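The values are calculated or read from the model by the stated rules, or taken from the named source; none is laboratory data. Not measured: the values here are computed from a predicted model. Using ideal geometry, Cβ is built from the backbone for each residue, glycine included, and neighbour counts are taken over all protein chains shown. Note: areas computed on protein heavy atoms with side chains; ligands, DNA, RNA excluded. Shrake-Rupley method; radii C 1.70, N 1.55, O 1.52, S 1.80 Å.
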Amino acid sequence: MAQRVIVVGGGLAGLAASVRIAEAGLSVDLFSLVPVKRSHSVCAQGGINACNEVARQQGYSEYEHFDETVYGGDFLADQHPVLEMANWAPRIIDLLDRMGVPFNRTSEGYRDLRLFGGSLFKRTHFAGATTGQQLLYALDEQTRRYESEGKVTKYEYWEFLGPVIHDGRAVGIVAQDLRTMQIRAFRADAVVMATGGCGLVYGKSTNSIICTGAAAARCYQAGAWYGNPEMIQVHPTAIPGSDKLRLMSESARGEGGRVWVPGIKQADGTWTKHPKTGADPKTIPANERYYFLEEKYPAYGNIVPRDIATREIFDICVNHGMGVAGENQVYLDLTHRDPDYLARKLGGILEIYEKFVGDDPKFTPMRIFPAVHYSMGGLWTQFTKGSYNPSEPRTKHKSGAAAPIQAAVGQGMAYGEINNMQTNVQGLYAFGEVNFAFHGANRLGANALLSCLFDGLFSGMSVVNYLKDGAPSKAPAEGLPSQPYDDSVKAEQNRVNALLNSVTPNAEPETNPYAIHKELGVEMTAACTVVKSEARLKQCLAKLGELKDRASRIRLGDNASWTNQTLSYARAVQDMLSVADAIAQGSIQRKESRGAHYRTDFPERDDAQFLKTTVARWDPASRGALIAFEEMDHTLIKPAARTYGKVDKTSKKPEPAASHT
Amino acid sequence: MITSLTNAPAGPHAKELAQRAANRRNAKVGRTVMVKVQRCDGPGKASRWETFKVTTERGMNVISALQQIAGNPVTTDGKKTTPVVWNSGCLEEVCGACTMVINGKVRQSCSCLLDDYAPNEGDTITLEPMSKFPIIRDLWVDRERLFHNLRRVKAWVPIDGTYNLGPGPREHPKDQEIRYKMSECMSCGCCLEACPQFNLEADESKWDTSFIGAHAINQARLFNMHATGKELAMERLDALMGPGGVSDCGNAQNCVKVCPKSIPLTESIAAMGRAVTLASFTKFFRS
C-alpha cells in the first residue's frame with residue numbers, strides 16, 4: 001500500500017484538497033455522506049471575492065481584501081492566514097476559470113464583477129445565482145477525472161464515525177456504509193476534515209440536511225480543539241419553512257421592502273400584540289401595522305444594517321411575542337411596489353419564494369425570519385507565519401490607498417509548512433467551514449467559497465509535505481499494528497449495537513431522537529443566536545444537560561440492519577449536543593460583544609480581555625467543554641472600532657451591509 | 001425568471017401550473033393529507049404500500065411531511081412501522097438528492113408543496129422511488145450509473161494542473177449564458193426516469209453499452225463548447241457514437257419536459273447527433 005490520504009467531506013474544500021493531493025501523486029480516499037456533487041457548497045449563491053485587474057487599477061489590492069476580511073471579522077481571526085488567503089484569491093479565480101466555471105462575462109468577454117457587502121470595490125466574481133454550485137461542479141469534474149485515473153477513490157454514502165488516533169497521531173478513520181451498515185477502519189497517513197458547518201444544531205437553518213456538525217464533534221470528542229464555537233452567523237432574512245430556512249436576498253429590502261407585524265398602538269406610543277395576528281395581511285388596516293424598523297430607526301428604516309435588522313426582528317418575535325400568527329416571523333412587504341418593477345428587479349429571488357411558499361410576493365407580503373447561516377468557529381488549526389512581519393501592526397487600511405506590500409506567495413503563511421491548518425492532533429487537518437480560521441467573529445459575504453478553495457489548494461501541499469517529511473515518512477500507517485484500528489471499530493460497533501438494542505415500538509418524546517433534536521434546535525435558536533445573555537445561556541446549559549441525559553437513553557424506531565437512517569440520525573443528534581455545549585459555554589464565557597456574538601449584558605467589545613481565541617477542549621469526565629482564551633495573532637493590523645452598521649444621521653446612505661449571502 | 005405579471009402562468013405547463021396555483025389558494029392549513037408511500041426493505045425484497053396521515057403546516061412540502069411521519073411512524077391502519085427512508089440534501093432544488101416519483105411524475109420532493117398536490121381534506125399524495133435505478137431502501141435509489149455516464153463522456157476540462165498559469169479562455173457573454181444553463185444540471189436523473197430508452201440496468205458491465213442518457217449528452221456538448229474542453233471533443237463523440245450513444249435516443253422528448261432546470265436537453269441531443277454524424281463521416285473518409 002502506497003501512502004494514502006483520507007479526505008472526509010466532498011464539498012468545495014474536500015474536493016479542492018483531493019485534486020491537489022492526487023495531483024502531487026498521492027492516493028486519496030474521499031469519504032462523503034452524499035454523492036459529492038450534492039454537497040452543501042451548491043447552496044452558495046452570491047459569489048467569490050478576489051482582487052482583480054479592474055479593481056486593482058481603481059486602487060484595490062489583495063492587501064485591502066485582507067484588511068476588509070480582518071475588519072469584517074471584528075479582529076478575531078489570526079491575521080497571517082487571512083493575508084495569505086487574500087493574496088491567493090486571484091490565482092484561485094484563474095484556476096477555476098481554467099476549469100471551465102461559467103463565470104458571468106462582460107461584453108468584451110472578461111469576467112464580470114459585482115459589488116458585495118464590506119467593500120467599496122467590485123471584487124466579487126459570480127456565475128449566475130448559483131456560484132457555489134458552479135465552483136463545486138468544476139471540482140467535481142476534476143475529481144472525476146482523477147477517479148477515472150485511479151488516483152481518487154470515492155466512498156460516497158459513507159459516514160465518518162471518528163479518527164483513529166495512535167501515539168497522538170491521526171492514522172486513519174472509522175466509517176460506516178450507510179447502505180450496508182458495514183463499519184470498518186481505513187488506514188491513512190493523514191486525515192483532512194472538510195465537513196462543513198453545524199447549522200442543524202439549531203434545528204432549522206439555511207444549511208443542508210447533512211450539515212449536522214457531527215463529524216467535527218467526533219474529532220473534538222477525540223481530542224481535537226474547537227475554536228470560537230460561539231461565533232455563529234445569522235442572516236436577517238430567510239424564508240421560514242417546516243423543513244429548512246431558505247435565504248431571501250437582502251436586495252428585497254434594498255428595493256423598498258417594508259418590514260412589519262400586526263399590532264395595536266397604545267396611548268403611550270408602545271405597540272402590543274394584535275388580536276388577529278394571523279389574519280390575511282391584506283385585511284390588516286394601515287394603522288394596525290407596526291413598521292418597527294421604520295419607527296425605531298427613522299433615518300434608515302428598513303435598510304438598517306443586517307445585524308440590527310436581525311436583532312430587531314428577533315426581539316419583536318422572541319421577546320415580545322408579536323410575530324405573525326404568534327410564530328417567529330414578520331412580514332417583508334413589497335406589495336406596495338409596482339409588480340412590473342418587482343419582476344424586473346427581483347424576479348429570480350421572488351420566484352424562489354413562490355416556489356417554496358406558494359405565495360406570490362408581488363401580491364402577498366412575504367413572511368421572513370433570521371436564520372442561522374454559517375459557523376465561523378470550527379476545529380482549531382495552526383499555521384506557520386509567512387515573511388511579512390512589520391515591526392508593529394499598521395493602522396487600518398484606508399480604502400483605495402496604496403497597499404504597503406505587493407502580494408506574493410508566502411507573505412501570510414509559509415507555503416507547504418506541515419502545520420498549516422493542522423489541528424492540535426498531528427496528521428488531522430481541517431479545511432473549509434469546519435476550520436475556524438479566516439473569518440473571526442463574522443464572515444464577509446462571498447468569502448466562504450474562497451476560504452474553502454484556499455484551504456484545499458494551499459494547505460493541500462502541507463498535507464503532501466507532512467507525508468513526505470513528517471511522522472508518516474518514518475512510520476507509515478500501513479506498517480502500524482492493527483490494534484488501534486480494531487479497537488476503534490469495536491467501540492463504534494458497540495455504540496451501534498446499543499442503539500439498535502434500544503428499539504422500541506413506543507416512541508416516547510422523552511427519548512425520541514426527533515423530539516430531542518427539535519427541542520435542541522428551539523433552545524439553541526432562542527439562547528445562542530442573535531441576542532445572548534448570561535441568564536438565558538445558563539438556562540440553555542441546564543436544558544442541554546437535560547437533553548444530554550435523554551440522548552444517552554435515546555430509543556430508535558427502526559432496528560433494520562440495512563440502510564438504517566434512523567440510527568445514523570440518532571447518533572448525529574447525540575454528537576451534536578457536544579457542539580451545542582461548546583457554543584453555549586463559549587457564549588457564556590466571552591463576556592463582551594464582538595461580530596456575530598452579541599451579549600446584552602456586555603454590549604461593548606473588550607479587546608483587553610477578549611482579543612483572544614476561544615478554545616474549547618472536550619472534557620470526557622463532564623462530557624462538556626473546558627473553555628480557555630488563547631493568545632492570537634494580531635501583529636499586522638491594529639484593532640480598530642468596527643463602525644459599519646452604526647447609523648450616521650448626517651448621511652442618507654448606509655455603509656454596505658456586511659454580508660449578502 | 002418571472003415572465004408574466006399576472007398570476008396566470010404561461011408556457012407548456014400552463015394548465016397544470018394554473019391548477020396547482022388554484023389548489024394552493026384553496027388549501028387550508030391543518031387539514032389531513034394521506035401520504036401513500038411505496039416501501040421496500042432492500043434490494044430483492046418485495047415492495048408494499050403504506051399510507052400515513054399528515055397534518056399540514058403552512059407551506060409544507062413532501063420533505064416536511066416525511067419528517068413528520070418519521071417522528072411517529074404509524075400507518076392509517078394504526079400499524080406501528082419504521083420511518084420512511086429517503087434521500088435529501090439542500091432542500092432548495094439545487095442538489096438533486098431528493099428526486100422521486102410523486103403522483104406518477106418524477107420531480108424533486110423539496111419543491112413539491114402539499115397544497116399544490118393535495119389541497120383538500122383527506123386527499124392522497126403518492127410517493128414512489130425512481131424506477132430506473134436500483135433500489136436501496138424505500139424511496140432511496142442508487143444513481144451511481146448517472147455519474148458513471150459522466151465519466152463515459154469525460155465531462156471535464158483537461159487542465160494542465162492546478163499551478164498558477166493565468167486565466168482561462170475569454171468567453172463571449174452569449175456563450176457563457178448557454179454554458180451556464182447547461183451547467184446547471186444537478187444530476188438528479190429526472191430526464192432518465194422519463195426516458196423510454198433508459199432502462200433499469202443492475203448489471204454494471206452493461207452500463208457502457210446501454211443508453212447513456214440526456215444528461216450525459218448535454219454534458220458532452222457543454223464541454224465540447226469550452227475552448228479547452230474541446231481538446232477531448234473527439235473522445236466524447238466516440239463515446240456517443242457507439243452502442244448506447246446518441247443514436248439510441250428515440251426522440252420521445254420526455255426529458256426536456258421533466259427537467260427541473262429547463263435545460264434544453266433536446267437541443268443538446270440534436271447538436272451532438274449532428275456532431276457525431278459529422279465525426280463519423282470524417283472518420284470514414286480518413287480510414
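Every residue, every condition in (1) open to solvent by less than 40 Å² (accessible area, probe 1.4 Å); (2) of a type in the set (Asp, Glu); (3) away from chain B (no Cβ under 14 Å), yes or no:
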residue	(1), (2), (3)
A:151	no, no, no
A:177	yes, yes, no
A:184	no, no, yes
A:193	yes, no, yes
A:201	yes, no, yes
Within segment A:518-538, the residues that are open to solvent by 20 Å² or more (accessible area, probe 1.4 Å) and of a type in the set (Val, Ile, Thr) are A:522, A:525, A:531
When residue A:565 is run through (1) more than 25 Å from residue A:379 (Cβ to Cβ); (2) open to solvent by less than 10 Å² (accessible area, probe 1.4 Å); (3) not aliphatic (A, V, I, L, M), the failure sits at (2)
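Taking helices (runs of 4 or more DSSP H) that do not extend beyond segment A:457-548, which have at least 2 residues that are within 28 Å of residue A:382 (Cβ to Cβ) and touching a residue at least 40 places away in the same chain (Cβ under 8 Å)? Let's see the steps before the verdict.
Values: elements: A:460-469, A:471-474, A:483-501, A:513-527.
It comes to A:460-469, A:471-474, A:483-501.
So which residues in segment A:6-61 are more than 12 Å from every other protein chain (Cβ to nearest Cβ), touching a Cys at 6+ places or on another chain (Cβ under 7 Å) and either under 19 Å from residue A:126 (Cβ atoms) or not in a helix (DSSP H, G or I) (or both), if there are any at all?
From segment A:6-61, those more than 12 Å from every other protein chain (Cβ to nearest Cβ) are A:6-9, A:12-14, A:26-31, A:46-49, A:51, A:54-61; that's our starting set.
Keeping just the survivors that are touching a Cys at 6+ places or on another chain (Cβ under 7 Å) gives A:12-13, A:60-61.
Within segment A:6-61, A:12, A:60, A:61 qualify.
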Please work out which one of (1) open to solvent by less than 60 Å² (accessible area, probe 1.4 Å); (2) touching a helix residue (DSSP H, G or I) at 6+ places or on another chain (Cβ under 9 Å); (3) touching a residue at least 40 places away in the same chain (Cβ under 8 Å); (4) not β-branched (Val, Ile, Thr) is the condition residue A:586 fails and give its number.
(2)
Here are A:352, A:308: which of them is within 14 Å of chain B (Cβ to nearest Cβ) and in a helix (DSSP H, G or I)?
A:352
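Among the residues of segment B:274-281, is any crowded, with 17+ Cβ neighbours inside 10 Å, assigned to a helix (DSSP H, G or I) and among the aromatic types (Phe, Trp, Tyr)?
Initial filter on segment B:274-281 (crowded, with 17+ Cβ neighbours inside 10 Å): B:275-276, B:279.
Restricting the remaining residues to those that are assigned to a helix (DSSP H, G or I) gives B:275-276, B:279.
Checking which are among the aromatic types (Phe, Trp, Tyr) leaves us with none.
Checking segment B:274-281: not a single residue is crowded, with 17+ Cβ neighbours inside 10 Å, assigned to a helix (DSSP H, G or I) and among the aromatic types (Phe, Trp, Tyr).
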Let me spell it out: the conditions are (1) open to solvent by 10 Å² or more (accessible area, probe 1.4 Å); (2) more than 11 Å from chain B (Cβ to nearest Cβ); (3) among the aliphatic types (A, V, I, L, M), and residue A:368 meets all of them except one. Which number is the exception?
(1)
Matching residues in segment A:96-110 (open to solvent by less than 10 Å² (accessible area, probe 1.4 Å), outside any loop (DSSP other than H, G, I, E, B) and at the interface with chain B (Cβ under 7 Å from one of its Cβ atoms)) number 1
Filter segment A:157-175 down to the residues that are in a strand (DSSP E or B) and open to solvent by 30 Å² or more (accessible area, probe 1.4 Å) and list them by number.
A:165, A:166
Evaluate segment A:330-337: report whether one residue or more is open to solvent by 10 Å² or more (accessible area, probe 1.4 Å), under 30 Å from residue A:285 (Cβ atoms), out of contact with any Gly (no Cβ under 8 Å at 6 or more places or on another chain) and modelled with pLDDT of 95 or more.
yes
Please go through (1) out of contact with any helix residue (DSSP H, G or I) (no Cβ under 7 Å at 6 or more places or on another chain); (2) open to solvent by 70 Å² or more (accessible area, probe 1.4 Å); (3) not in a helix (DSSP H, G or I) for residue B:197 and return the number of the only condition it doesn't satisfy.
(1)
Any hit, segment B:137-158, residues being open to solvent by less than 10 Å² (accessible area, probe 1.4 Å), closer than 30 Å to residue B:196 by Cα and among the acidic types (Asp, Glu)
yes
